[in-house]
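Report on one structure; see the data block that follows.
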Amino acid sequence: KKERGYMVTIKDIAERLGISISTVSKGLHGASDISEEMRQQVLDTAIEMGYVIKEKKTVVKQKVCIIVENMEYANINQFGYELIAGFRLVASEAQFEVDIVPIDQYFQTWQTYDSLMKQNGYSGAFFLGLELNEAYMKQLEKTTIPTVLFDNYISNEHIAYVGTDIHVGFSTLIRYLKENGHEKIAFLNGSKNSYISALRYQGFIQAMNEAELDLDMQLIGHTVYYPDETVSDFVKSFTDKGATAIMCASDLIAARTINELHKLGLRVPEDVSVTGFDDLPVAKYLAPPLTTIRQERFALGKSAFALLKDLMSGLPVSTMLLHSTVVLRESVGKAPADNN
């Protein structure tokens, strides 16, 4: 047991896990040449041991929280994990305590946002996964508590928005599909009640127009980000209408789409090409490995804390968007000749 006030070092984490110091360093800095499993072990252990990136003078810790709904975050293959890990590591460097508060719609009806924050002594919050039709969205319009939203926007000077600028990613991906002979491109979007779904819908239409491709509104559908059985109906209807490529609003929707195509006896990418969004670790292990738009989740988590700190110090920041990049893998091929 370390004595009080002892700073946990990279060496301590390495000893605890029985790995080299350089592997710990790679895990903390997002290097790509260690496995996701090892990176998760390093990040989990660093957070658990109270590792602080740089030594700071002892100060009274402030408390903030991450409020999570409609998002899984238990391990590195789930979307929320790296957002939360990035946020927590920079928060601990700044001597902040972080609680994770899972909520649902029922929770929002019996405790208001302001009361949750005040009762627990939280001086700010980072929201993951809130949908447009929920009680807290209305309450956030009037709150004066510094709050950062992931993939959500509310017009209030105490609230900032962090997310990924999809424009470059969507334009690049649709150009790439067009270069491969795809003209009938379907889009399977996420939840209708989500701000980010509306942005992705606009992004898809804009990118199709830029690429001078015809838009067929029957080739656009809404499912949910953690896909359900509606995917199979859309996949069947898209392929019946001659779509040669299906763009999906998340890698999980794309994984389900590939599965449904296989059930219909269609091959990916020979018959239909499929793309995702997020670049979750699982994307490269799908069969075939998935072409997708990457979101830098660890950097987004770190950026969210930076925005929250700015709001807490009275700086009225509004929006921070990180660039999206396209990761090309084997799930896109040439459009079948008989569909052109």
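The values are calculated or read from the model by the stated rules, or taken from the named source; none is laboratory data. What you see is a predicted model; the values in this text were computed from it and never measured. Positions of Cβ are generated from backbone atoms using ideal geometry, with glycine treated the same way; all protein chains shown enter the neighbour counts. Accessible surface areas use protein heavy atoms only, side chains included; no ligands, DNA or RNA. Shrake-Rupley method; radii C 1.70, N 1.55, O 1.52, S 1.80 Å.
Just one residue in the set Val98, Val148 is open to solvent by 20 Å² or more (accessible area, probe 1.4 Å), at pLDDT 95 or above and among the aliphatic types (A, V, I, L, M); that residue is Val98. May I ask you to list the residues in the stretch 106-134 that are of a type in the set (A, V, I, L, M, F, W, C) and open to solvent by less than 40 Å² (accessible area, probe 1.4 Å)? Phe107, Leu116, Met117, Ala125, Phe126, Phe127, Leu128, Leu130 - these are the residues of the stretch 106-134 that are of a type in the set (A, V, I, L, M, F, W, C) and open to solvent by less than 40 Å² (accessible area, probe 1.4 Å). It is to be established whether one or more residues within the stretch 325-333 are over 26 Å from Phe126 (Cα atoms), open to solvent by 50 Å² or more (accessible area, probe 1.4 Å), at pLDDT 95 or above and not charged (D, E, K, R). The answer is yes; a qualifying residue exists.
Condition check ((1) within 26 Å of Asp310 (Cβ to Cβ); (2) free of Cβ contacts under 8 Å to residues at least 60 places away in the same chain; (3) assigned to a loop (DSSP other than H, G, I, E, B); (4) among the hydrophobic types (A, V, I, L, M, F, W, C)) across all residues:
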site	(1), (2), (3), (4)
Val52	yes, yes, yes, yes
Lys63	yes, no, no, no
Ile66	yes, no, no, yes
Asn75	no, yes, yes, no
Ala85	yes, no, no, yes
Val90	yes, no, no, yes
Ile100	yes, yes, no, yes
Ser115	yes, yes, no, no
Leu132	yes, no, yes, yes
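Does Leu149 fit the bill of being over 23 Å from Gly121 (Cβ atoms) and of a type in the set (A, V, I, L, M, F, W, C)? Spelling it out, it is not the case that Leu149 is over 23 Å from Gly121 (Cβ atoms) and of a type in the set (A, V, I, L, M, F, W, C). Of all the numbered requirements in (1) more than 23 Å from the chain's Cα centre (by Cα); (2) part of a helix (DSSP H, G or I), Tyr81 misses one, and that requirement is (1). Among the residues making up the stretch 157-190, those that are surrounded by fewer than 17 Cβ atoms within 10 Å (Cβ to Cβ) and either of a type in the set (S, T, N, Q) or part of a strand (DSSP E or B) (or both) are Asp165, Thr172, Asn180. Can you say whether Ile103 is over 20 Å from Thr144 (Cα atoms) and crowded, with 22+ Cβ neighbours inside 10 Å, as far as the supplied structure shows? No. On the given criteria, is Ile53 open to solvent by 40 Å² or more (accessible area, probe 1.4 Å), modelled with pLDDT under 90 and within 24 Å of Glu296 (Cβ to Cβ)? For Ile53, the condition - open to solvent by 40 Å² or more (accessible area, probe 1.4 Å), modelled with pLDDT under 90 and within 24 Å of Glu296 (Cβ to Cβ) - is met. Taken together, the residues in the stretch 253-269 that are open to solvent by 20 Å² or more (accessible area, probe 1.4 Å), farther than 15 Å from Asn189 by Cα, in a helix (DSSP H, G or I) and not polar (S, T, N, Q) amount to 2.
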